[in-house]
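What follows is a single structure, written as structure tokens, with notes after it.
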Amino acid sequence: MTVRATLVTGWVVALMCGLVACAGSPSPPPAADLVVDVTIAKGQVTPSNATLRAKVGQPITFRVTSDAADELHVHSVPDHKFQVAAAPNQTFQFKVDVPGNVEVALHHLDRTIATIHVQP
Ligand SMILES: [Cu+2]
């Protein structure tokens, strides 16, 4: 009787430990947002042809200040298009689902802001 009670208690403790270990198992911490400040002024864009790194599913934010309307095009799969207005501090957020090199371009200026190396 005493032995069985001890065994049962031991089994429950083992189970609890298993559950705790499971809940505390290492999972990758959520990647912080990638924020890119972009300025479009007098036909020039900053940055230009930058190289960035991101992970699949990581939120990527472009914060755009512009003196002209344009179209921001993220050449990912599927792609993302954003209308840029002549205004400060416009934020455009997206995620990339497919790893690879993703160009972010301005169609009216015909410039590449950045290429994002998206890793799985
Ligand atoms: Cu494009």
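The values are calculated or read from the model by the stated rules, or taken from the named source; none is laboratory data. A quick note: this is a predicted structure, and the numbers were derived from the prediction, not measured. Here Cβ is always computed from backbone atoms with ideal geometry, including for glycine, and neighbour counts include all displayed protein chains.
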Residues located in region 31-72, provided they are over 20 Å from the mean Cα position of the chain (by Cα), part of a strand (DSSP E or B) and within 16 Å of the ligand (Cβ to nearest atom): 40, 45, 70, 71
Residue among 87, 69, 114, 50 that is at pLDDT 95 or above, small (Gly, Ala, Ser) and surrounded by fewer than 12 Cβ atoms within 10 Å (Cβ to Cβ): 87
Residues of region 43-80 classified as of a type in the set (Phe, Trp, Tyr) and either free of Cβ contacts under 8 Å to residues at least 24 places away in the same chain or in contact with a Lys or Arg (Cβ under 7 Å, 6 or more places away or on another chain) (or both), total: 0
